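Below: one structure, written as structure tokens.
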Amino acid sequence: PPGQHPLLLLKTLQLLWTKKEMEKLKEETRRGFAGLRDPLAGLLDMLEGSSDWKGKGHVLWYYISTELELWIKEHPAVQQPGPKLKKLQARVLRLLDQCPANLLEPLVSLYQLRAAERRSLLEHVSQLWHRGAYKEVAVLSIKLKLQQDQDVEKMCTPLLLQDKSNVVEDYVGESPELQSKLLQTLDSWCAPGFNIRDITRQYEGLARAKPEKLNCKALSKLVFRLLGRFNLDPALCPNVVNQQHLRTLHYLFYKRFVEKTMTEENWAEHVQGMASPPKPLSPHRCPLSLGPELPHSWGWQSCCAPAEAGLLQGKAARAMRRFGMQEERVEEASAAGPDGERKKQHYYQLPIPRASIHLLQSWEETLQCWEKVLQPGQVVGIDMEWRPSFGMVGKPQVSLLQMALKDEVFLLDLPQLLQQDESQGQKKLLHFLQRLYSDAAITKLGYGMSGDLSSLAATCPALKDTVMQARGVVDLLTVDKQVDVLCPEQSSRQRGLKQPEKGLSLLVQHVLGKPLDKAEQLSNWEKRPLREEQILYAASDAYCLLEVYEKLCKDPESFGLSPDLTKSLVGKPSTKARAKKQLDEQEAPSASGQQCQGAKQATSSPPAAISPRELSVVCDNMLQGLGRYLRCLGVDVCVLQNQDDHRKAAEIARQEGRVILTSGLPFQTLQSQVAEGRCLSVNCSAKAKDQALQVLRHFNVQVSLADIFSRCQ
């Protein structure tokens, strides 16, 4: 009988797999292993007698090994420890470095490798390391949990040279001790005077090596990313932090004395913030020539201890040399600055009186804002401010939330209001923001809203689901990309401004005639009390959105926009609340509260039925589970990875003729970049199965039994 010999059993299973007779395959797998004298040895005989498990055929082998796992749970005597199991462990170890990732875990579990003799496991991975199988060693070490007995620098260096930082992160991912060792190693490579070639020279001839990835700037980015991911103290990495301070100082110099777009108050605040490095800097770590004493007007002495003032003077000297600046020129630049009349002449001015700008720092003050903002049909300009991080660790925490209505602006002191809620054991602010962002009847204007909402979710994690599915939002950044404009450099020169405008300021200039004054953009928004200049700047940033939106909607064609701009930006809110089931069956709400283009036609006149093979989609990275589920059903699926930008979905859709499946705010951007009906907004909070049903119903896809698992998983 075929079940009596492992290789004959394998041929039978391969034939059933090819025919996609899954029920028979399951029965034959279990019957076959039951008929083998030693099922564990039989599986190894199959692996050693075949090679297709190293390539595309590994899915069948994963199926066989997991079925054997289930069978052994019913027959635990097969897996008894002893000399026979040790021999099997030695055999399977010789195969593991060639195994696909999905086969590793079943084999490690089946042969109890984590309980094997540790010395033999370490010797095996050491031999692999000396053969240059660095990635395989790291993956195997993770599966066998060997990291604590290995040298972190030795294991991770060749992987970093091969630009496999994701493997390095997984390698240290579960051990704070290893994370600290890795970061201290990376920081030592960024020390002044350290030659990274001393490291790369040890791995000359390394396949697919990218030594340029180990330059100081790239290492700094990696260090800050790891510090944020593992939530570790930046004091672990003094060299990287101090170099970031120096880069920040270069940037501040440029903004203050070259571009002249930073006020003296902001300059002083940021210098003061840099005056306390994580550790005192020794001359070896900051070998700067201090030179002559720099101008007192820069504020070193007023905001720093003498030693720190000297350090910052040294950094400033280097920054001066970089920009080719003389002290006299800096003094002149510091003294120069636009006066009030010039600002009024050249920059956008708020059309409402100062008395209509309200700074709200208590819940009682916020009630008036709540009542006015939450009116059905209201249009609200929303902006947020936070302290600039200058590349340091952590997501920014929103310090000020601005909401502009037609006649007044409300500035919500978010840290103060959140603290009051916490001290009183209440969630008033949370409930207010949840109502605001979930109400499609309220139009919420913003510019680059995905970044703002991401920061809001980081500040108030309970809002994460709400902002991901925000309704009734209009991101004017999407419109900005379509506006016919004058060349920014030419426009700025015509207005006598030194620097070309960009972002929201440029859009305001094109639509309203004058740019925004961004001198307070880099303020320390955490510091209280806020200065008057900050209050006016914050109010202007939110209020200008109302004026831009109104003018674009009144005359879109004069800006090169579609005449139906209003309709395409904001959908009409539903007049009735729909039951969740009905919503899932009929339509998918987009970020703006409207359904996907073409959805209405789909409900009244369904498209012709198609098979899963005829549907090609690209899933945005928040819908990876949906992508896997649709692929199981036979749909042609491409899925974005976590690090991919949402806009990549539009590129793939255009190049390969795919339909975009996305959710939340990215829908606003992506739907404008593909043809009508080629972008569907899916309910992100639903389970993958429910999402898949929504997609299948929308495109009238008819799934047959033959479609299930018809594509490689």
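The values are calculated or read from the model by the stated rules, or taken from the named source; none is laboratory data. Everything numeric here is computed off the predicted structure, so don't read it as measured data. Cβ placement follows ideal geometry from the backbone for every residue including glycine, while neighbour counts extend to all protein chains displayed. The protein model used for the area step is the full one, side chains on, heavy atoms only, and it has no ligands, DNA or RNA in it. Shrake-Rupley method; radii C 1.70, N 1.55, O 1.52, S 1.80 Å.
In square angstrom, what is the accessible area per residue of the range 1-116 with a 1.4 angstrom probe? Could you put the intermediate results ahead of the total?
Values: 6100 Å² over 116 residues.
Solvent-accessible surface per residue comes out at 53 Å².
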Next on the checklist: Order GLU365, GLU526 by their accessible area, 1.4 angstrom probe, all chains in place, largest first.
Outcome noted: GLU526, GLU365
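Probe of 1.4 angstrom, ligands and nucleic acids ignored: what's the accessible area per residue over the range 612-699, in square angstrom?
Details: 3650 Å² over 88 residues.
In whole numbers, the range 612-699 has 41 Å² accessible per residue.
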Next on the checklist: In whole percent, and with a 1.4 Å probe on the protein chains, what portion of the accessible area of the range 396-473 is carbon and sulfur?
Outcome noted: 47 percent
Checklist entry - Residues in the range 252-269 near a label at MET392, defined as backbone nitrogen under 13 Å from the 7 Å Cα→Cβ point? => result 269
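Considering the convex hull of the alpha carbon atoms of the range 612-699, report its projected area averaged over all viewing directions, in nm², one decimal.
Values: hull surface 19.8 nm².
Mean projected area of the Cα convex hull: 4.9 nm².
For the range 156-232, run through the GluC sites (Glu not before Pro) and keep only the ones in DSSP coil with at most 14 other Cβ atoms within 10 Å of their Cβ. Kindly include the intermediate steps, with their values, before the conclusion.
Working: sites: GLU169, GLU174, GLU177, GLU204, GLU212; in loops: GLU174, GLU204.
In loop regions of the range 156-232 (DSSP not H, G, I, E or B), the sparsely surrounded GluC sites (Glu not before Pro) are GLU174, GLU204.
Of the listed pairs LYS154/LYS217; LYS514/LYS551; LYS372/LYS428; LYS406/LYS444, which have alpha-carbon separations greater than 18 Å here?
Distance filter (> 18 Å) returns LYS154/LYS217.
So between GLU533 and ALA706, what do we pick up on full extension, going 0.36 nm a residue minus the alpha carbon distance?
Once the chain is fully extended between GLU533 and ALA706, it gains 55.5 nm.
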Item to check | In the range 1-116, lysine pairs closer than 20 Å at Cα, eight or more apart or cross-chain | outcome: 11
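Write out the trypsin sites (Lys or Arg not before Pro) in the range 23-90 meeting two conditions: DSSP loop, and at most 14 other Cβ atoms within 10 Å of their Cβ.
The qualifying sites are ARG37, LYS56.
Are there trypsin sites (Lys or Arg not before Pro) in the range 91-132 that DSSP puts in a loop and that have at most 13 other Cβ atoms within 10 Å, and which ones? Each step should come with its number before you reach the end.
Details: sites: ARG91, ARG94, ARG114, ARG118, ARG119, ARG131; in loops: ARG131.
Answer in residue order: ARG131.
Per the 1.4 Å probe, what fraction of the accessible area of the range 1-116, in percent, lies on carbon and sulfur atoms? Spell out each step's value before the answer.
Numbers: 3400 of 6100 Å².
C and S atoms contribute 56 percent here.
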Checklist entry - Once you sort the root eigenvalues of the Cα gyration tensor of the range 1-116 as a ≥ b ≥ c, which label holds: rounded (a/c under 1.5), prolate (a/b larger than b/c) or oblate (the other case)? => result oblate
Checklist entry - What aspartates and glutamates could a cross-link reach from LYS648, if we take a straight Cα to Cα line under 20 Å and drop same-chain neighbours fewer than 8 places away? => result ASP475, ASP480, ASP620, ASP636, GLU656, GLU676
